[in-house]
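Everything below concerns the one structure shown next.
The values are calculated or read from the model by the stated rules, or taken from the named source; none is laboratory data. The model shown is predicted, which means the values in this text are computed figures rather than measured ones. As a convention, Cβ positions derive from the backbone with ideal geometry for all residues, glycine included, and neighbour counts pool all protein chains shown. All accessible areas refer to the heavy atoms of the entire protein, side chains included, with ligands and DNA or RNA removed. Shrake-Rupley method; radii C 1.70, N 1.55, O 1.52, S 1.80 Å.
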Amino acid sequence: MKPAIWWLTWPAGLVLLGFAALFLGATGATWPDVWTSLGADPEGQAAIIARYRLPRVAAGALVGLHFGLAGAILQVVLRNPLADPTIFGVSGGASMAVVLAMSAAIAVAPPSESINVATNYLPLAWLPPIALSGALIATAVVIALAWDHRLGTISPTRMVLMGVVLGAILNAAVMALVLSLSESRTELAILWLSGSLYARGFENLWPALPWTVAGVALTLALMPSLSALRFDSQTAQSLGVRLKLAVPLSIAGAAALAASAVAVAGPVGFVGLLAPHMAGWLGGVRLGERLWASAAIGAGLVVAADALGRIVIAPAEMPVGIVTSLIGAPVFAALLTRKYRRLHATVGE
């Protein structure tokens, strides 16, 4: 595929997918409904699309873009096809920080019940920085435990193991905190922790947009280093990459993208794993093409998974995080099995 077509295909596909998602929900919609919803003062079904489905599609696209790009960066930096913000404890650290802040807010000033647990308990503008602080702390812990002092950089294998362990500990701690809440608040918190776009509006997106801009800008600035980091550490150093700066900064950028996505929708699993692999399967060869496609495919995955979750058990709905986990877990198992077989074959030789 020619570069120009590659760069234009993904945004066009995402727009078409988002437009199709406007038709899906507990109640159907027609072309006139969707068209009217894009105008001023829509009524009836058009008003439902404008007030609920359109912001939800936008939220899904933003969340997926963040997770897709974060996963691609982690896979490049760690040279590990299994890298994903969920697996490495980034999402767990962000969730832990938000739940801790939420619990503190409840203790200080118990709020009224609401369908939107995170935004009801905490101001929207606080969520991305709170989630980011937790993600960065978790990332720093994993980096410290995985740092190879002989090479002066991170051991990818050790980081996988430490990330999985820390993620499991954080998830257990988060659930323990949630279960300490009252029954009604527990239900709301579990909905958020399952990764949900339920009741998300444009007001949920604005606090996360600065992190989108910052994450994309940092990725562009680190492109030369990321290109070199695809090779082994010695090769990257020979190409002039300062590993002690480039590696932690790249991982911190990925953590910031994932954390701000968690602030919007909760931990949506496996998007960061699936999107880069799909970009590779569809022909992304150059690093820039792969990162671009990973971001767009991640956005499309979340939008599609959310639309599927709205119709598969309608009039109830399945959180988008559950849908992506049902898709991503078997893929993760297949990738892990393939990597084990390759390693076993290499050792056998």
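Here are the numbers:
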{"item": "By accessible area with a 1.4 Å probe, ligands and nucleic acids excluded, highest first: order of Glu289, Glu317", "result": "Glu317, Glu289"}
{"item": "Accessible surface ranking that places the most exposed of Trp192, Trp126, Trp211 first, with a 1.4 angstrom probe", "result": "Trp126, Trp211, Trp192"}
{"item": "12 Å cut-off, amide nitrogen to a point 7 angstrom out along Leu249 Cα→Cβ, residues in region 210-232", "result": "218-226"}
{"item": "Residue order for Arg338, Arg150 - accessible surface, 1.4 angstrom probe, largest first", "result": "Arg150, Arg338"}
{"item": "Contour excess over end-to-end distance, with Cα ends at His149 and Ala221 and 0.36 nm allotted per residue", "result": "23.3 nm"}
{"item": "Distance in nm between pseudo-label sites at Ala329 and Ala214 (7 Å out along the Cβ direction from Cα)", "result": "3.4 nm"}
{"item": "Alpha carbon centroid spacing (whole Å) that separates region 191-210 from region 289-341", "result": "18 Å"}
{"item": "Mean accessible surface per residue for region 144-284, computed with a 1.4 Å probe while every protein chain stays in place, in Å²", "result": "45 Å²"}
{"item": "Computed E for Ala314/Ile137 - FRET, C-beta separation, R0 41 angstrom, nearest 0.05", "result": "0.55"}
{"item": "5 angstrom amide H check on Asp148, placed H, neighbours 5+ away", "result": "Thr153, Ile154, Ser155"}
{"item": "Segment Ala176-Arg51, extension gain: residue separation times 0.36 nm, minus the distance between their alpha carbons", "result": "41.5 nm"}
